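The block underneath contains the structure these notes are about, expressed in C-alpha cells.
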C-alpha cells in the first residue's frame, strides 16, 4: 500500500491511465474484428473499407503507447495483405 502522498497520487494516475488504455485497446480490437469479419464473409469492398478505418486507429494506439509501433505496423501489414489476396 502506498504511504507517501506522491505514491498515492501516482496510484491514482496509474488507475486512470489503465482505464484509458483499456478503452483504446478495446476500440482497436473492435476495428480489427470488423476487418476479420469482412474477410471471413468474402466481401472485398467491406474489408477494404474496414481496413481503411482500422489503420489510423491502430497507428493512433501506437503513438499513444498502447501498442508498440512495430506491432501496429505488423498488424496493419498482415491485414492489408489478407485484403489484397481476397481481391486477387
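The values are calculated or read from the model by the stated rules, or taken from the named source; none is laboratory data. What you are looking at is a predicted structure, and each value in this text was computed from that prediction instead of being measured. Ideal geometry is used to build each Cβ from the backbone, glycine not excepted, and the neighbour counts take in all protein chains shown.
The table that follows gives values for the structure above.
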{"item": "Qualifying residue in the range 67-75 (condition: outside any helix (DSSP H, G or I) and either at pLDDT 95 or above or surrounded by 16 or more Cβ atoms within 10 Å (Cβ to Cβ) (or both))", "result": "yes"}
{"item": "Pair list, Cβ under 6 Å, 6 or more apart: the range 23-36 residue over 18 Å from residue 80 (Cβ atoms), other residue modelled with pLDDT under 95 and in a helix (DSSP H, G or I)", "result": "none"}
{"item": "Condition met for residue 26 (loosely packed, with under 15 Cβ neighbours inside 10 Å and under 19 Å from the mean Cα position of the chain (by Cα))", "result": "yes"}
{"item": "Verdict on residue 52 being without any contact (Cβ under 8 Å) to a residue 12 or more places away in the chain, exposed (fewer than 14 other Cβ atoms within 10 Å of the Cβ) and on the phi < 0 side of the Ramachandran plot", "result": "yes"}
{"item": "Extreme residue, surrounded by the most Cβ atoms within 10 Å (Cβ to Cβ), among residues of the range 76-88 that are free of Cβ contacts under 8 Å to residues at least 40 places away in the same chain and in a helix (DSSP H, G or I)", "result": "76"}
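Here is a yes/no grid of residues against (1) touching a residue at least 60 places away in the same chain (Cβ under 8 Å); (2) closer than 25 Å to residue 80 by Cα; (3) in a helix (DSSP H, G or I); (4) touching a strand residue (DSSP E or B) at 6+ places or on another chain (Cβ under 9 Å):
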residue: 2; (1), (2), (3), (4): no, no, no, no
residue: 7; (1), (2), (3), (4): no, no, yes, no
residue: 15; (1), (2), (3), (4): no, no, yes, no
residue: 45; (1), (2), (3), (4): no, yes, yes, no
